[in-house]
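K.L.:
Below you will find the structure I want to go over with you.
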Amino acid sequence: MIRVGDIDITILNESTIRSDTGGMFGLVPKVLWSRYYQPEDDGLLIVPHHCLLVRAAGKTILVDTGNGTKLSERQCERIGLERPEGTLVENLARHGVEPGAVDLVINTHLHGDHCGGNTRFAENGQIVPTFPNAEYLAQRREYADASFPNERTRGTYFAENFAPLYESGRMRLIDGEIEIVPGVRCVITPGHTRAHMSLVFEQDGQAAFYPADLAMLAVHFERLAWIPAYDVEPLVSLESKRCWQQWVREHDALLIFNHDGKIPTGRFTEDEKGRLTVEPAPVDGQ
């Protein structure tokens, strides 16, 4: 568990997939990225999908919901989806949290691997909220982009993950930065998508930063030019990272990565040449 003042943060691994390294590393040649990450024998990288369970100000908050359980068997096979720690609901149960106890779900963005667990199939086949008493939160521009995908984005925006929630009044759309509860802020970090959000935790002189897909892996955050092929505005991603690198350094913030199985949590240091590097920073129970 991670503690930032009175804020408790637990990392939950909702699922893993087998990801093509070309998507994860974009224009970065293998001779460089292979110094940091080693793919499996088939050339694919095992990528976790971390969600955050946050307890703060008497609220139970879930940040992102992973791939969810609505994918077909064929879809799961195609991406090599596995659940080493069970479903998200099973993960939460191990921490004493039932679906009905979740007060708020924050979607950093509406790609299928970050909001697929927002909804589920009921026994009658209807799509229903996975967390029946929760308010769901997303950026208004992100919702607009997700609702009208183009040829580039329609393979990752799926209306069943978010449209039923908005249409039923369960999803609140916000514009820009917002403080959810004292010490927990959603901030805009564009590049991966136009209205992508990251989470800032700051209380009692302590700080943590969850970049979400602003930096899928630790090395993405330490190296500004290393940008995945998935980002719709890569040069904007670069500047977003530049801004938040500075904030993390100034606040000595713990970094929490959502797709890095090697360094799920880390801190900035400088190597012998004075270059910024993210070093693993294990936390209790993670």
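K.L.:
For Arg185, what charge total do you get from the other residues with a beta carbon under 11 Å from its beta carbon, if Lys and Arg give +1 and Asp and Glu give -1?
P.N.:
-3
K.L.:
Can I ask one more? Taking θ = phi - 60°, what integer Hz values does the Karplus form 6.51 cos²θ - 1.76 cosθ + 1.60 yield along the range 167-182, in sequence order, with x for Gly and Pro?
P.N.:
The phi angles translate into 5, 8, x, 8, 10, 9, 9, 10, 10, x, 5, 8, 8, 6, 9, x Hz.
K.L.:
Just to verify a number: FRET efficiency for Ala159 and Asp271, C-beta to C-beta distance, R0 = 51 Å, to 0.05?
P.N.:
0.65
K.L.:
Please compute one quarter of the surface area of the Cα convex hull for the range 1-151 and express it in square nanometres.
P.N.:
11.7 nm²
K.L.:
On to the next question. For the range 174-286, give me the percentage of DSSP beta bridges that are antiparallel, rounded to the nearest 5 percent.
P.N.:
90 percent
K.L.:
In addition: For the chain, what is the relative contact order in percent, using Cα pairs closer than 8 Å and at least 6 residues apart in sequence?
P.N.:
18 percent
K.L.:
Give me the net charge of Glu239's neighbourhood, meaning all other residues with Cβ under 13 Å from the Cβ of Glu239; Lys, Arg count +1, Asp, Glu -1.
P.N.:
0
K.L.:
Something else about it: Which whole-percent values make up P(r) of the range 2-280 when all C-alpha to C-alpha distances are grouped in 5 Å steps starting at zero?
P.N.:
Cα pair-distance distribution for the range 2-280, in percent: 1, 6, 13, 18, 20, 18, 13, 7, 3, 1, 0, 0, 0.
K.L.:
So for the range 126-263, Kirkwood radius off the Cα pairs, Stokes-Einstein at 37 °C and 0.692 mPa s: how many µm² s⁻¹?
P.N.:
203 µm²/s
K.L.:
For Lys241, list the aspartates and glutamates whose Cα falls under 16 Å from its own Cα; do not include residues on the same chain fewer than 8 positions away.
P.N.:
Partners within reach: Asp213, Glu222, Asp231, Glu233, Glu250, Asp252.
K.L.:
May I ask you to give the average projected area over all directions of the convex hull of the Cα atoms of the range 1-64, in nm² rounded to one decimal?
P.N.:
Computing the convex hull of the Cα atoms and averaging its projections yields 6.0 nm².
K.L.:
Anyone know which of Arg154, Arg94, Arg18 comes out most mobile in the 10 Å Cα GNM of the chain?
P.N.:
Sorting by GNM fluctuation, first place goes to Arg94.
Every number in this text was worked out from the coordinates using simple rules, so none of it is lab data. Since we're looking at a predicted model, the values are computed, not measured. Neighbour counts are summed over all protein chains in view; Cβ atoms, including those assigned to glycine, are modelled from backbone coordinates with ideal geometry.
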